[in-house]
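These notes are about the structure you will find just below.
The values are calculated or read from the model by the stated rules, or taken from the named source; none is laboratory data. No experiment lies behind these values; they were computed from the predicted model shown. Neighbour counts are summed over all protein chains in view; Cβ atoms, including those assigned to glycine, are modelled from backbone coordinates with ideal geometry. Surface areas here come from the heavy atoms of the whole protein model, side chains and all, with no ligands, DNA or RNA. Shrake-Rupley method; radii C 1.70, N 1.55, O 1.52, S 1.80 Å.
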Amino acid sequence: MARVLLEHVTKRYPNGFEAVKDLNLEIRDGEFLVLVGPSGCGKTTTLRMIAGLEEITKGNLYIGERLVNDVPPKDRDIAMVFQNYALYPHMSVFDNMAFGLKMRRYPKEEIRRRVQETARMLGIEDLLDRRPAALSGGQRQRVALGRAIVREPQVFLMDEPLSNLDAKLRVLMRAELKKLHERLGVTTVYVTHDQTEAMTLGDRIAVMHRGVLQQVGTPDEVYRDP
Ligand code: ADP
Ligand code: ADP
């Protein structure tokens, strides 16, 4: 686990557009922070900078005590889940979840233990032999979550992970995500444009508008009537 600190972070894309402007934000160790705001306000850009998928134009980014501006994604100890969870279609659920651990040469027994433990936590332990095509949308999303957290990353990043699910399942998965976070206590940054989602999930909420951070606080502080 680790805090994430952004200091005066600016992102200017090659075409000159400034998607994120002088962003100062600390995501505390173990907290669930929701980054919320209308489409195009710079949420995904911010998340991609934390992940190392997008270069920072100006400013500093720390994970734990470490300055990571120039650290490649694979060395940042971060896991991500996106809206379009891409599972490997030709692999079983087990192999999908084990993939990152295999790449990192974890011992076989440890891989089996971790995958089974994580699958149990997510209620997908009976699906380990199936292919993604034989799963429902909610089950696939759980596998995507499982694949991310099985590595026990220091920081967990999610970009609209529930937006492809129908309304009912979305509400259910929100509650499950919340429980999962309470159990793992991993520092989490969650991007959404949905205020209800932000209120339900966030320990704190960071509101962005046109590349600028406007407000950070608990759901009560951010959404209370003036
Ligand atoms: P959000 O996640 O809040 O919807 P994004 O971070 O995806 O917003 O995008 C923020 C702004 O940056 C948008 O106006 C978008 O069009 C612009 N943008 C995103 N990627 C690029 C790019 N590669 N080049 C230029 N502009 C981009
Ligand atoms: P991690 O658990 O580290 O996030 P990933 O599952 O994202 O690992 O895979 C690491 C990289 O390997 C990805 O960039 C992925 O595109 C690539 N890769 C390797 N083998 C495959 C495969 N069979 N199908 C799709 N991508 C693969």
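List of remarks:
- Across the chain, Cα pairs under 8 Å and at least six residues apart give a relative contact order of 31 percent.
- Element breakdown for the range 73-132 at a 1.4 angstrom probe: carbon and sulfur atoms account for 48% of the accessible area.
- Local electrostatic count, P89, Cβ distance below 13 Å [Lys/Arg +1, Asp/Glu -1]: +2
- Under 5 Å between amide hydrogens, built in the peptide plane, is the criterion, and for L35 it picks out Y190, V191, T192, A206 among residues at least 5 positions away or on other chains.
- Computed over protein heavy atoms with a 1.4 Å probe, the accessible surface of the range 47-110 works out to 58 Å² per residue.
- Normalised by the number of residues in the range 170-226, the mean separation of alpha-carbon contacts (under 8 Å, six or more apart) gives a relative contact order of 22 percent.
- Largest first, the extents of the alpha carbon coordinates of the range 10-122 on the three principal axes equal 47, 31, 27 Å.
- Dipole magnitude of the range 8-55, debye to nearest 20 (Cβ charges: Lys/Arg +1, Asp/Glu -1, about Cα centre): 180 debye
- The range 102-226 - charge dipole about Cα centre, Lys and Arg +1 at Cβ, Asp and Glu -1, debye rounded to 20: 720 debye
- Euclidean distance of C-alpha centroids, the range 1-39 and the range 58-100, integer Å: 17 Å
- Taking N as the residue count of the range 57-191, its C-alpha radius of gyration divided by 2.2 N^0.38 Å amounts to 1.08.
- The phi-based Karplus calculation (6.51 cos²θ - 1.76 cosθ + 1.60; θ = phi - 60°) puts the 3J(HN,Hα) values of the range 123-128 at x, 10, 5, 8, 10, 4 Hz, whole numbers, x for Gly and Pro.
- Reduced Cα scattering model of the chain, Debye log10 I(q)/I(0), q = 0.09, 0.11, 0.12, 0.15 Å⁻¹: -0.37, -0.55, -0.65, -1.00
- Square roots of 5 times each gyration tensor eigenvalue, C-alpha, the range 118-226, largest first, Å: 28, 15, 12
- Simple point charges give the picture: +1 on the Cβ of Lys and Arg, -1 on the Cβ of Asp and Glu, and for the chain a dipole about the Cα centre of about 660 debye.
- Mean sequence separation of contacting Cα pairs (under 8 Å, at least six apart), scaled by the length of the range 19-90, corresponds to a relative contact order of 21 percent.
- Residue-by-residue Karplus 3J(HN,Hα) for the range 101-110, coefficients 6.51, -1.76, 1.60, Hz, glycine and proline x: 6, 4, 4, 8, 6, 5, x, 3, 5, 5
- Rounded to 5, percent antiparallel among DSSP beta bridges of the chain: 50 percent
- Once the Cα gyration tensor of the range 122-168 is diagonalised, semi-axes √(5λ) in Å: 19, 16, 8
- Annotation: the antiparallel percentage among DSSP beta bridges lying fully within the range 142-220 is about 50.
- Above-threshold pairs, the threshold being 20 Å between Cα atoms, out of K21/K43; K21/K58; K74/K178: K74/K178
- Projecting the Cα atoms of I149, V68, T196 onto the charge dipole of the chain, computed from C-beta unit charges around the Cα centre, puts I149 farthest toward the positive end.
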